[in-house]
1. Please list, ordered by first then second residue, the pairs with beta carbon atoms under 7 Å, 6 or more apart or interchain, first in region 17-38 and under 14 Å from LEU122 (Cβ atoms) and free of Cβ contacts under 8 Å to residues at least 12 places away in the same chain, second of a type in the set (A, V, I, L, M) and crowded, with 20+ Cβ neighbours inside 10 Å.
2. Scan region 105-158 residue by residue and report those that are in a helix (DSSP H, G or I), out of contact with any Asp or Glu (no Cβ under 7 Å at 6 or more places or on another chain) and at pLDDT 85 or above.
3. Going residue by residue through region 12-20, is there one that turns out to be closer than 16 Å to ILE87 by Cα and in contact with a strand residue (DSSP E or B) (Cβ under 6 Å, 6 or more places away or on another chain)?
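The values are calculated or read from the model by the stated rules, or taken from the named source; none is laboratory data. All values reported here derive from a predicted model rather than from experimental measurement. Please note: Cβ atoms are built from the backbone with ideal geometry, for glycine as well, and neighbour counts cover all protein chains shown.
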Amino acid sequence: MTKPLIMVVDDEKRVADNIAKILHETGRYEAITAYSAKEALEHLTKNKVMLGLGGNRIRLIILDIKMPDMDGLQFLEKLRQDYNEGIGVAMLTAYEDGEKWEKATDGFVVDYIKKPFEPADLIATADNFFAGKEAEMTIKTFEKHIDKRDKFDSKQGS
């Protein structure tokens with residue numbers, strides 16, 4: 001049986017390669033890397049399932065926000081517009097603010113992982129996603145967003 005394919009998109013090559021290695025070492029997943037949004041779009045095109053079946057071999061994307069040219073949030077918007085294939089997205093970022101959370105949750109992300117990350121958190125995200133918990137994960141991430149938004153708003157009001 002083919003292992004689920006996860007794409008890691010991060011312009012920091014060392015970070016992307018490390019995440020792919022962590023996922024691959026579980027023995028449960030295949031992982032590919034893209035070091036730019038443009039390269040990620042190329043991978044999506046290459047992994048499109050043919051024969052009228054629709055979909056994409058890439059089932060989950062671990063996506064950095066801060067990247068040159070097209071950032072992760074712009075990529076997420078393009079993904080949701082151009083690839084109606086049910087691909088899960090987990091944001092991975094060192095940057096956290098109300099606007100980024102808002103845009104990420106608008107794109108129905110399954111998780112929002114803060115750098116530096118724990119390998120166990122990445123693996124748990126993949127495991128939960130492939131266990132069919134995508135809807136629960138998306139709702140939980142949205143609820144975290146609401147909590148964060150309240151914190152961001154209270155800081156600005158101080």
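1. Qualifying pairs under 7 Å: HIS24/ALA31.
2. PRO119, ALA120, ASP121, LEU122, ILE123, ALA124, ALA126, ASP127, ASN128, PHE129, PHE130
3. So in region 12-20, the residues closer than 16 Å to ILE87 by Cα come out as none.
Looking for residues that are closer than 16 Å to ILE87 by Cα and in contact with a strand residue (DSSP E or B) (Cβ under 6 Å, 6 or more places away or on another chain), one finds none in region 12-20, hence no.
Let's see how each residue does on (1) β-branched (Val, Ile, Thr); (2) in contact with an Asp or Glu (Cβ under 9 Å, 6 or more places away or on another chain):
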{"position": "ILE22", "(1), (2)": "yes, no"}
{"position": "GLY27", "(1), (2)": "no, no"}
{"position": "ALA34", "(1), (2)": "no, yes"}
{"position": "ASN56", "(1), (2)": "no, yes"}
{"position": "LEU63", "(1), (2)": "no, yes"}
